[in-house]
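One structure is given below, encoded as C-alpha cells.
Only the coordinates and a few stated rules stand behind these numbers; no lab work does. Everything quoted here is computed from the prediction, not taken from an experiment. Counting neighbours? That spans all protein chains shown, and the Cβs are built from the backbone with ideal geometry, glycine included.
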Amino acid sequence: MANPEKNFFAKFGEKCKDLWGKFIGLFKKSEAKAQAAAEGEACTEQCGMIGTELTKREKFSRFLKAEQGWLFVLPAIILLCIFTFYPIINAFIRAFQQNYNALTGNYNGWGFENFIRVLKGDTGTGGAKFVQCLVNTVIFTFISVPLSTLLALLISVALNSIKALQRAYQTILFLPYLTNSLAMGAVFATFFTIVGTKNHTDTIGIVNMIFFPNNPIDWMQGGTGYTWNLGAVKIPWTKYVVVIVYEIWSGLPFKILILFSSLQSVNKQYYDAAKIDGASKSTTLWKITTPLIMPMISYLIITGIMGGMKQYTAIVGLFGEQMGRDYDMGTMVGYIYSYVSNGQMGYAFAGSLLLFAIIMVITVINLRVSKKRVTF
Amino acid sequence: MAELSTSLTKDIPETDFNVERERKKQKIGKIVKNVLVYFFLTLCAVLAFLPFYWMVVSSLITEPQYRSPVPTLFPDTFLWKNYELILTQTSTSGASFSQVLVNTLVVGGVSTILGVVVTIITAYALARMNFHGKNLLFTIMLATMMIPGELYTLTNYLTVSDLGWKDTYTVLILPFLVSVYYIYLLRNNFMQIPNSLYQAAKVDGLSDMGYLVKVMVPLTAPTLVSITLLKFIGTWNSYIWPRLVNKSSWQMITNWVTKGFTDNKFVIYDGIVKGVRYGSEPLTTLKMAAVCMVSLPLFILFIFCRKYIMKGVSKSGTKG
Amino acid sequence: MKKIWSKFVVFALVVCLSGVVSVFAGCNTPTVDYEHTIIFYSSQGDSLQTITSNAIARFEAKYPGWKVEHTPQGGYDEVRDKVTQDLQGGFQPDLAYCYPDHVASYIQTQKVVDLNKYINSNENAHWNLTDEEGNVTVKTTEYKVGYSAEELADFVQMYYKEGYATNFGNAATYGYGDNAMLTLPFVKSTELLYYNKSALDACGFEVAKTWDELWAQCAKLVERYPSCTPLGYDSEANWFITMCEQNGWGYTSADSSENYLFGTPESKAKIAPWLEEMHNYYEKGYITTQTIYNAYTSGLFIKGAEDGGLIYCIGSSGGASHQNPGDTFKWGIAPIPGSEVNGEINNSVISQGPSLVMFTGGNGVTNASEKEMMTFMFIKELLDPTFQAAFSIGSGYNSARLSAVDVPEYQEHLAAADTNIVAKAAQVSEQLRDKFFVSPAFNGSSTARTQAGNIIVYCLKGEKQPMDALADAYQNCGGKNQY
C-alpha cells in the first residue's frame, strides 16, 4: 500500500534540504562579495560599474545588518520546523478528518465532528471524558503552581539568608528533580494508601498514621463519602489532595534552583541601600527582592501553569494507566493518551487542539496580568 | 515567618533608647530568626527527602518485603544483593550496561553542548537584536510550548523513520535539541541585563558577538549552568522516545533500567537464595535498585555543578 | 573589521551546526540488513529472553545468513503501541507477541499474514543467494516448512483454534477467509484457586468445588478466624468474565450488531442479582480484590488465616511463585469454583497469554515472501516442544504443545509438584485444558474488559447500584443500542 503521508514528507524533507542549500549558497556568496570588497576597490573601478555596484552592496549589507538576527535564530527555526511545527500542522489536519483511522490512513470527510463529540463526551470508546479531565487539570494546576511557587520563594529566601549548611540543604532540596516521576508516583501512592480488608487492616499509610490515626481516610480510593458531584463532573477531593501534594513536591526543586540562583545574582548594593534607609527585612523581601526577581517568578508561574496543564506521568504513577477508575483522575494529556491507545487518533488530535486553545487563553491572560506588574 | 519576627523587634518605639537592651533584643531576634529558618528548611528537606529515601530503602529489601502491605521504612539488614544482581546479569538480546552508558554519555554530551549553543544564540537574538518578524517568531515559539509534546511523538517517529535515522545517535539528539522552554528562560535573563551595558559595550567597540560572549554569557552564567544541567538530566532520563526509535543497543540508560527485571533465576526470600524463580512478573526491588544506580551519577553531577553555580553567581555579583 | 568578524563568527557557528547536522544525517546508513534479519517484538523479561536466545541460536545455526533481532518492548501494551505505530509508517516487525484484541486492530492494515500458506506447505525452506557476480542461486535446506497432521494434532486444540480469522471481529471485510490462520499460540496461563489447606482442615472443610459451596463455608471461616477474608480474587475483570461464561449470561460477542452483551436487558437482569449478592458478601467481609485491597492479593494469601490473610485466593497460574506461603501454612491448588447451571457444574476457566502474529513487507524489503517463509521457520523454532518445555519451566506458563509435557526436563519439573507450588500450578492447569475459554476479540474488547473490572469494584463497594453500573459500563464501551 502506498503511503501518501510518506511521500508527502519525503517531498517536504527534500524541499527543506533545498531551501537550506539555497540559504547556505546565499550567505557564501555574500561572504565572497564582502571579501572581494575588502580586497580593494580597484577591481570595481576597473570594471567601471562603480555607482550601481556600490549601492547594491550597501543595500545588501544594510539588509544583512538589519536582518542578521534571522541568522542567529536559523538553526533553531529549522529544527523547530521539522520536529515541532510540522507535527502540529499534521495534528491540525487530522483533527478535522472524520473517523480518521491511524492504521490505514482512511477517513471519511472533513468537519467538526471530532470536536463536537469530544466536547459532548460522546466518544463511546471507553476513553476519558473531556470535561472531567479539564476540570481536574485546571484544579490541580491552579492550586499546586501558586502554592509551590510561593513555597519555593520562601525556601529560596530562607536558603539565601543562611550561611551554614546552605549547600547541604540546597542539595537535598534538589533531589526530587533527579527521580523518575513514574516511580515516585508509586511511592507517593503508598504513603496515602490504606491496605486492608473489611476484617483486617494491614496499614493505613504514613499520612493517615500522622494526621488521622483514629479515623483514617482512604485517600487513594475516594469513594462515596469523599466525592463531590458537580453535574457530570466528579470531584473526589481526597485524590485531588494526593495529586496536589505530589505536584508541589515535584515542582519545588526546579523552582528553588531558578529562584535561588536569581536571588544570588541580585545586586547586593540594593540591599545595602535598603539597610541604610532602615527598611525592615520583610519590607526588603516584598519591596526589593520580589520585584527584582519578578521576571523569574512570572516565568516560573507561566511555565508552571503550562507544565501543569500538560501533566500526565505523575497521575499514571499515582493512579495507574486508567488514571483512577473510569479516568476520574484523568488530565488533558491523559485524555489524549486514552484515545491514542484506543486508536481513535481523531479524538486525540481534536482534544489536543482544544487543550492548545485553552492554554493559549490562559497564557494570554497570564501575560496581561504579569505585564502590569513587570516589564515583560 | 522569620522576617516577621525581626520586623516586630524593629518596630518597638524608640522612646527610651537603651543601646544595651536594643542590642540584646536584636541578638535574641537573630537567634529566633535563625532557629525558625533552620526549622523551616529542615522540615522541607525532610519532606523532600522522604520519597527519595523510600526509593533507596526499597532497593535494599527483598521482593516479599516490598510487596508486604506494611511499608518497610527501616530495614533491619541492607540487602546489597539487588545491586549485585543488576550488575552481574547480562541480558542476551538487550544491550550491555556499558553500551547504554556510552550511548547516554555521547548523546547527553553532544545534545547538551549543541543545545546550549543554539539556546544562547537564539535567546540572544530574541532578546537583543532587532529584525523583522521577531515578535511574531517569539509568539509562535511560545505557543508551541503549550502543545503537549506527546502529540509530536507519532509524527516525529514517522519523520525520522522516513529519514532513515532509526538506530542512530542523531535521532536521539536532533529532535529535542531546541527547547523553547530554555530559550524563553535565557531570553528573560538576557532582558534583565540593563541596556546601558550594551551601549557601553558598543562605545567600547565591542561587536554584537563580542558583547554576547564577553558580557552576556558571563553575566548569565548561573542560568546557563542550570540549563546545561537540566538539559543533561533531561537527556539522561529520556525514556519513551529512545525506546520508540532505537533498538536496545542504541537506547539510553533509562531504557535499560526500566526493562523488566525478571531475570536472575533466583528468588530472594529473607536474603537467602532459594531455588529457581518462575513467573514473569517484574521485580520492583531490582527496578528500584537500578533507578538508584542511575540517579546516583546525576546526584554526584549536581553536587559538583552546584559548586560551579555558586562560582558563577559570585562572579556576576562582583561585576554587577 | 570588528563587524566582519562578528558576522563571520555567526556564520561559522551556523555552518558548524549545519555541518554537524548533515554529518549526523550522512553517516546514518541503516545498521540492520532488514532483508535477512527477522525482527521480533515481545514482552519478555530478562530470564525469558535468555531462554528465547537458545531458540534464536538454533535458528541462526540452521539457516546461515539469517538473523533474528529480538526486541523486548516492555509489557503487552507497549508491544501493541509500538506495532501500531510501526504499521502506520510501514516499519512493522516480522513477528510479534499479540493478544487477540491487538490482532483485531492490526488486520485493518491487511499486513497480517495468513499462516495457512506455510502451515500447509510441502516445500523445504529455501531462499535466494546472490553471489558477487550477481547470479542468483536458490539455497534449499533439509527442513520442511509445513506442519504434518500429527504435529498439528500436537497443538492444544483450544489454543490453536484461537488463531482462526473468525475470532477477530470483522476479519472478512479485510480480505481474510474464515479459515485464514492469523496467529499461532505461544504460551498460555489460566486462573487457579490457591487455598489455605491448614485453615480448611481446621474447620473440617474440603476445598470448594462450586461458588455456592464456597459462600457456605464463609460464615464459619470468619467465625473461626475473625480477621481472615475467605476469598481474594486478583483480577476483577476475569471474575466478571468467568461468571458470565460459567452461567451463560453473555459478556461480549464478536458479532458487531451487539458487541457488548452484558448491556442487554436480558443479561443485565441475570447479572444484577449476582452483583447484589456479591455486595452483601463484601459487606460481611467475605471478599476482597486487588483494586479494593490496594495490593496483590497473593501478598494477603501468604499471611495466613490468623494474621488477616485469605483462605482462598484466585490468581494467575503464571504468578504461582508469589503464592508460596513457605512454612506459614499448608497450601493447596485446585481448579476455580464452578457455577451450577441446570444441575450441572460449569467450571470454565479463562485462558490468557501471548500468541504470535506475522506481518509482511516491513521496512520496505524486496524479498517479502522469502522472509515470510523464514519467519515461519523461526515460529517453528519457538513452538518446538523442547523449547516450549524449557519456556514453561522458566515462565510458569503452559505450553501450546501437548508433547512438551513428555520432555524429560518437564517431567522432572512436574515430579516436584507436592512440594513445589509452581510445579503444582503447572500440573493443575494442565488438567484444566478442556475447561478453557477465551473471550471474543474485536475492536473495543479491551475496553469491555476494563469496564467489567470497574463494574465489580463499583458494585462490591456499593458505590453504584448493579443495574446502573452495568448501564454505565455499556455506555462507556460505546454500546450502539438504546435499552
B:Leu296 versus C:Glu151: modelled label distance in nm, points set 7 Å from Cα along the beta carbon direction = 4.9
Relative contact order in percent for the range C:221-346 (Cα pairs under 8 Å, 6+ apart) equals 34
HN-Hα J couplings of the range B:34-50 from phi, Karplus 6.51/-1.76/1.60, θ = phi - 60°, integer Hz, Gly and Pro as x?
-> 4, 4, 4, 4, 5, 4, 4, 5, 4, 4, 4, 4, 4, 5, 5, 7, 3
Per-residue ellipticity at 222 nm for chain C, helices alone: DSSP H runs ≥ 4 residues times -39500 (n - 2.57), over residue total, nearest 500 deg cm²/dmol?
-> -13500 deg cm²/dmol
Likely footprinting exposure, C:Cys313, B:Cys305, fewest C-beta neighbours within 10 Å first = B:Cys305, C:Cys313
Given backbone amide H placed at 1.01 Å from N, residues whose amide H is under 5 Å from that of C:Trp249, ignoring those fewer than 5 places away on the same chain, are none
List the residues whose amide H sits under 5 Å from the amide H of C:Thr210, counting only those 5 or more places along or on another chain, with H placed 1.01 Å from N in the peptide plane.
-> C:Gly338
Please give the per residue volume of the convex hull enclosing the alpha carbon atoms of the range A:256-325, rounded to a whole number of Å³.
-> 104
Fewest first, what order do C:Ser121, B:Ser238 take by the number of other Cβ atoms within 10 Å?
-> C:Ser121, B:Ser238
R0 of 30 Å, Cβ-Cβ distance B:Ala143-A:Leu119: FRET efficiency to nearest 0.05 = 0.85
Per the 1/(1 + (r/R0)^6) rule, R0 = 30 Å and r from the Cβ atoms of B:Ile31 and A:Asp277, FRET efficiency to 0.05 is 0.75
So what's the angle, to the nearest 10 degrees on a 0 to 90 scale, between helix C:2-26 and the longest Cα principal axis of chain C?
-> 70
Specify the angular offset, from 0 to 90 degrees and rounded to the nearest 10, of the alpha carbon long axis of helix C:265-283 from the longest principal axis of the alpha carbons in chain C.
-> 70
Surrounding charge for C:Leu310, neighbours by C-beta under 11 angstrom, Lys/Arg +1, Asp/Glu -1, total -1
If each part is reduced to its alpha-carbon centroid, the range C:249-321 and the range C:397-471 end up apart, in Å, by 13
Semi-axis lengths, Å, the range C:292-401, gyration tensor of Cα atoms, sqrt of 5 times eigenvalues | 41, 19, 14
Would you mind classifying the range A:130-342 by shape? Square roots of the alpha carbon gyration tensor eigenvalues, ordered a ≥ b ≥ c; an a/c under 1.5 is rounded, otherwise it is prolate if a/b is larger than b/c and oblate if not.
-> prolate
So, with points 7 Å from each Cα along the Cβ direction, the C:Lys197-B:Gln99 label distance in nm works out to 4.6
Once phi is turned into θ = phi - 60°, what whole-Hz ³J(HN,Hα) does the Karplus curve with 6.51, -1.76 and 1.60 give for every residue of the range B:103-113, x standing for Gly and Pro?
-> 3, 5, 5, 5, 4, x, x, 5, 6, 5, 5
Post the alpha-carbon centroid distance, the range A:171-217 to the range C:57-80, in whole angstrom.
-> 40
Amide H contacts under 5 Å for C:Ser189, placed H, 5+ residues apart | C:Gln352, C:Gly353, C:Asn398
Residue by residue through the range C:437-450, the couplings from Karplus 6.51 cos²θ - 1.76 cosθ + 1.60 with θ = phi - 60°, in Hz, x for Gly and Pro, are 9, 10, 7, x, 10, 7, 5, x, 5, 6, 5, 4, 5, 4
Give C:Lys62/C:Lys117; A:Lys56/B:Lys134; A:Lys120/B:Lys247; A:Lys239/B:Lys247; A:Lys255/B:Lys30; C:Lys62/C:Lys188 a once-over and call out the pairs whose C-alpha atoms are over 32 Å from each other.
-> A:Lys120/B:Lys247; A:Lys239/B:Lys247
If A:Arg62, C:Arg224 are placed from fewest to most neighbouring beta carbons inside 10 Å, the sequence is A:Arg62, C:Arg224
To the nearest 10 degrees, how steep is helix C:211-224 against the longest Cα principal axis of chain C, on a 0 to 90 scale?
-> 70
